[in-house]
Amino acid sequence: MVFSSITFLFYFLPIVLGIYYIVPNKIKNIVLLLASIFFYFYGEPKYVVIMLVSIVITYLFGILMDRYKKHSKLFLILSICATASLLVYFKYINFIIENINLWLTNKIDFIYIVLPIGISFYTFQLISYTIDVYRGQAKVQKNILKLAMYVSLFPQLIAGPIVRYTTVEEQIENREYSFEKFAQGVRRFIIGLGKKVLIANVLGKLTNLFLTSNESSVLYYWMYAIANMLQIYFDFSGYSDMAIGLGKMFGFEFLENFNYPYIATSVTDFWRRWHISLSSWFRDYIYIPLGGNRVSKIKWLRNILIVWLLTGLWHGAAWNFIFWGAYFGILLILEKVFLDKYLQKLPEVFSRIYVLFIVMISFIIFSGESMTQIMQNTGGLVGWAGQPLISQESLYYFKSYFVVLVIAMIGATPILRNIFNKEKLHKITNVLEPIYLLLIFVTCTSYIIDGSFNPFLYFRF
């Protein structure tokens, strides 16, 4: 079940909200737990057991760490190995077999397996909980139902943000409810829905047309590259907005996951703004334990590469994701070693163009099915295979998608937010906001009913 579906919008969510606000506070967590398990079961009936097994394993080892503190490190390692092994098996086993087979005469048969939705996200949440309990940064949760509710909480279950236990530890026991907070949640959800349905899905049509077309003009390659990076941003940030909005509706406060990454002035700045919950997770649980930058220069650079190779691998079991991670790792090293001092001297407009180009190329790598396709789509930007600059077909698609591309470019910046936040416009925006939110919701609903292109990119992670 996806948020941008009729089933979720008009059946599941209203029913759950109605029951949630009718029942007494002491059983609200039970309502959320049952709703979340049903939500996951609706899309993954077989693999809900995998999630529940992961929760039980983590719960038991948490109790053991708390009770037998002398052996807590052993229980920590066993807990991480147990939960991570499920992730490795379901997500990476065939990738491992594929690469082993390159060296074998007698090939190993592939295993027919379907990747459980959201396994990367909830596994990282379980690991962070275990580590935080071990470090003494979180109290062990002795009520397995409350731990299960935290992990399976449907607003952030299948695509993040990666909500840490320490962020919601107090909220699990006590949450604040108000009409204002609920209204903020509805507003945030609708904005996220609009980003997903009206922008990401439309741009997805353009990228899909490019991948299935024989058109090969330079203009078309640039349209694909720009649409692709914008689609990924609006798809994922839109889903994060919806998750944060849903959290507010149920009394939770989740941390922000995006902060206008396309206005970044360096790659380092970009990763402070993009998928914040993931980059901060790798920082706190991999980079810093490895020594961070408080080690020799060689080890410091090694730590950066390890983190970014793992970041790439986290996104998928394919070499393009590993190359994508290595690409960012190398660029971050170059910035930290010498590029940053030059970037700081540049006018912001040039440093931002530099970041946008770097990110655009990165998402060509990210979305590539093979190295041949990646090289072709990158080289096509400069017409290295003799592609024409413009063609009739590319000009047609440019005219057709020009408006949505411009809207997406503006929407990826804080320009509109800054305009509407001006004091002079407060009264006008307060009156108009319910109207345009209603228009967005109605328009999104009509698109969904029409059966328009409605993929979700991060389901494969």
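The values are calculated or read from the model by the stated rules, or taken from the named source; none is laboratory data. Values in this document were obtained by computation on a predicted structure and should not be read as measured data. Counting neighbours? That spans all protein chains shown, and the Cβs are built from the backbone with ideal geometry, glycine included. Side chains are part of the model used for accessible areas, which takes the heavy atoms of the whole protein and leaves out ligands, DNA and RNA. Shrake-Rupley method; radii C 1.70, N 1.55, O 1.52, S 1.80 Å.
What are the residues in region 435-461 that are open to solvent by less than 80 Å² (accessible area, probe 1.4 Å), modelled with pLDDT under 90 and more than 30 Å from TYR92 (Cα to Cα), if any?
GLY451, SER452 - these are the residues of region 435-461 that are open to solvent by less than 80 Å² (accessible area, probe 1.4 Å), modelled with pLDDT under 90 and more than 30 Å from TYR92 (Cα to Cα).
Sort out which residues of region 318-343 are more than 17 Å from LYS297 (Cα to Cα) and loosely packed, with under 12 Cβ neighbours inside 10 Å, and write them in order of number.
Here is the first cut: in region 318-343, the residues more than 17 Å from LYS297 (Cα to Cα) are 318-328, 341-343.
Answer for region 318-343, where residues must be more than 17 Å from LYS297 (Cα to Cα) and loosely packed, with under 12 Cβ neighbours inside 10 Å: LYS341, TYR342.
ASP269 - would you say it is in contact with a Gly (Cβ under 7 Å, 6 or more places away or on another chain) and under 28 Å from ILE364 (Cα atoms)? If you could, list the steps in order and put the result at the bottom.
Numbers: in contact with a Gly (Cβ under 7 Å, 6 or more places away or on another chain): no; under 28 Å from ILE364 (Cα atoms): yes.
Criteria not met by ASP269.
Suppose the filter is farther than 30 Å from PHE154 by Cβ, within 18 Å of the chain's Cα centre (by Cα), outside any loop (DSSP other than H, G, I, E, B) and of a type in the set (A, V, I, L, M, F, W, C); does PHE328 pass it? Before you say what the answer is, go through the steps one by one.
On the way: farther than 30 Å from PHE154 by Cβ: yes; within 18 Å of the chain's Cα centre (by Cα): yes; outside any loop (DSSP other than H, G, I, E, B): yes; of a type in the set (A, V, I, L, M, F, W, C): yes.
Yes: the conditions hold for PHE328.
Given LEU356, LEU395, LEU381, which one is aliphatic (A, V, I, L, M), outside any loop (DSSP other than H, G, I, E, B) and open to solvent by less than 20 Å² (accessible area, probe 1.4 Å)?
Values: LEU356 fails: open to solvent by less than 20 Å² (accessible area, probe 1.4 Å); LEU395 fails: open to solvent by less than 20 Å² (accessible area, probe 1.4 Å).
The unique qualifying residue is LEU381.
Going by the conditions given, is LYS73 over 24 Å from MET242 (Cβ atoms) and at pLDDT below 95?
Values: over 24 Å from MET242 (Cβ atoms): yes; at pLDDT below 95: no.
No: the conditions fail for LYS73.
What number goes with the only condition from (1) open to solvent by less than 50 Å² (accessible area, probe 1.4 Å); (2) at pLDDT below 95 that ALA82 does not pass?
Against the list (1) open to solvent by less than 50 Å² (accessible area, probe 1.4 Å); (2) at pLDDT below 95, ALA82 comes up short only on (2).
Within region 96-110, does at least one residue satisfy the condition of being within 22 Å of LYS46 (Cα to Cα), without any contact (Cβ under 8 Å) to a residue 12 or more places away in the chain, surrounded by 12 or more Cβ atoms within 10 Å (Cβ to Cβ) and of a type outside the set (Phe, Trp, Tyr)? Quick ask: steps written out before the conclusion?
Initial filter on region 96-110 (within 22 Å of LYS46 (Cα to Cα)): 110.
Restricting the remaining residues to those that are without any contact (Cβ under 8 Å) to a residue 12 or more places away in the chain gives none.
No - not one qualifying residue is present in region 96-110.
I'm checking my understanding of the structure. Among residues of region 272-301 that are assigned to a helix (DSSP H, G or I) and among the β-branched types (Val, Ile, Thr), which one is farthest from LEU230 (Cα to Cα)?
Filtering region 272-301 for residues assigned to a helix (DSSP H, G or I) gives 272-273, 276-287, 297-301.
Still in the running and among the β-branched types (Val, Ile, Thr): 276, 286, 298.
Working: ILE276: 18, ILE286: 29, ILE298: 36 Å.
The qualifying residue farthest from LEU230 (Cα to Cα) is ILE298.
So which of ASP235, ASP269 is within 30 Å of ILE131 (Cα to Cα), among the charged types (D, E, K, R), touching a residue at least 12 places away in the same chain (Cβ under 8 Å) and part of a helix (DSSP H, G or I)? Even if it seems obvious, please write down each step before you answer.
Details: ASP235 fails: within 30 Å of ILE131 (Cα to Cα).
From the options ASP235, ASP269, the qualifying one is ASP269.
Taking LEU147 as the residue in question, decide whether it is of a type in the set (A, V, I, L, M, F, W, C) and under 22 Å from ILE286 (Cα atoms). Break it down stepwise before answering.
Numbers: of a type in the set (A, V, I, L, M, F, W, C): yes; under 22 Å from ILE286 (Cα atoms): no.
No: the conditions fail for LEU147.
Taking LEU346 as the residue in question, decide whether it is more than 30 Å from ARG164 (Cα to Cα) and either outside any helix (DSSP H, G or I) or open to solvent by less than 60 Å² (accessible area, probe 1.4 Å) (or both). Please lay out each step first, then the result.
Numbers: more than 30 Å from ARG164 (Cα to Cα): yes; either outside any helix (DSSP H, G or I) or open to solvent by less than 60 Å² (accessible area, probe 1.4 Å) (or both): yes.
Against the criterion (more than 30 Å from ARG164 (Cα to Cα) and either outside any helix (DSSP H, G or I) or open to solvent by less than 60 Å² (accessible area, probe 1.4 Å) (or both)), LEU346 qualifies.
Looking only at region 273-299, count every residue that is of a type in the set (Val, Ile, Thr), closer than 16 Å to ILE333 by Cβ and open to solvent by 80 Å² or more (accessible area, probe 1.4 Å) and tell me the total.
Looking only at that region, the number is 1.
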